[in-house]
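J.: Sharing a structure here in structure tokens format.
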Amino acid sequence: MNKLSQYLAFQDKVSEWVGKTVSWMCLAMIAGLGYEVTARYLFNSPTSWAHETTTMLYGTFCVLAGAYTHRHQGHVRSEVIYNLFSDHAKAVLDVITGVLGLVAFGFFFVIAFNYAADSWAMKEVSSKSTWAPIIYPFKSVLPLAVALMILQSLAHLIRSILIVLNIRLDDQPA
């Protein structure tokens, strides 16, 4: 069980680190939009890059924050119904939804990987503005984010299985 505890602790630390690191993107987004608003409305000189840059940062922020949110069980669920069940029944539901989620994430990972690989192959640039930045690095974030969600979902699934089997780890949250 020690290796399992180490994996769970490591995975939680990875999700924490990624979530806290990408949270700093909010400052970059605020700076970019602040610059755009100032340039557009005070100097009548809008940029060709600020809005698109902010959009790419926001997309990156949203998908990479998923594992952090899952780590803290912050995703939407029907808590009114879920909270009617015992901890054991909640764990059984979590095992069922966890397995289904991992299967769905597996399919989504393949799709996201191919999507990013195609973008890299064509050295894709944006057609949304005259700036035309490269976007294939940003598209690569999607399979990375799905992989992080798979790993955090696996950790959550393991914890749920341990609850169903009534096995307690020393570092398992109560």
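Throughout, read-outs are computed from the coordinates displayed, never taken from laboratory work. Just so we're clear, the structure is a prediction, and the values are computed from it rather than from any experiment. We place every Cβ from the backbone using ideal geometry, glycine too, and count neighbours over all the protein chains shown.
J.: Provide ASP12, ASP118 in ascending order of the number of other Cβ atoms located within 10 Å of each residue's Cβ, fewest first.
T.: So the residues, fewest neighbours to most, are ASP118, ASP12.
J.: Okay, moving on. Given a Förster distance of 35 angstrom, what is the FRET efficiency for HIS88 paired with ASN114, based on the Cβ-Cβ distance and rounded to 0.05?
T.: Rounded to the nearest 0.05, the efficiency is 0.30.
J.: Within the stretch 88-113, name every residue whose backbone N is under 16 Å away from a label modeled 7 Å from Cα of ASN166 along the Cβ vector.
T.: Residues passing the 16 Å test: 88-92.
J.: Right, next: Relative to the longest principal axis of the chain, what angle (0 to 90°, nearest 10) does the C-alpha long axis of helix 25-37 take?
T.: Taking the Cα atoms of the chain, the angle to 25-37 is about 30 degrees.
J.: Moving on. So between SER78 and GLU124, what do we pick up on full extension, going 0.36 nm a residue minus the alpha carbon distance?
T.: Going from the current span to full extension adds 12.6 nm.
J.: Taking 7 Å along the Cα-to-C-beta vector as the label spot, tell me the TYR136-THR21 distance in nanometres, rounded to one decimal.
T.: In this crude label model, TYR136 to THR21 measures out at 2.3 nm.
J.: For LYS13, go through the lysines and keep the ones whose alpha-carbon is under 24 Å away, minus same-chain ones fewer than eight residues off.
T.: Once the sequence-local lysines are set aside, what remains near LYS13 is LYS3.
J.: What FRET efficiency would be calculated for the residue pair THR97, SER45, taking the C-beta separation as r and a Förster radius of 45 Å, to the nearest 0.05? All intermediate terms of the calculation are to be shown ahead of the outcome.
T.: Numbers: r = 51 Å, r/R0 = 1.13.
Working from the Cβ atoms, E equals 0.30.
J.: How are the C-alpha pair distances of the chain spread across 10 Å bins, as whole percents from the shortest bin up?
T.: 9, 28, 29, 19, 11, 4, 0
J.: Where is the GNM fluctuation largest for the chain (alpha-carbon springs, 10 angstrom cutoff): MET29, MET56, MET122?
T.: Per the Cα network of the chain with a 10 Å cutoff, MET122 tops the list.
J.: Find the relative contact order for the chain and round it to a whole percent, using C-alpha pairs within less than 8 Å whose residues are 6+ positions apart.
T.: Relative contact order of the chain: 30 percent.
J.: Longest exposed-loop-site-free stretch of the chain, with chymotrypsin sites (Phe, Trp or Tyr not before Pro), DSSP loop and at most 11 other Cβ within 10 Å?
T.: 44-174
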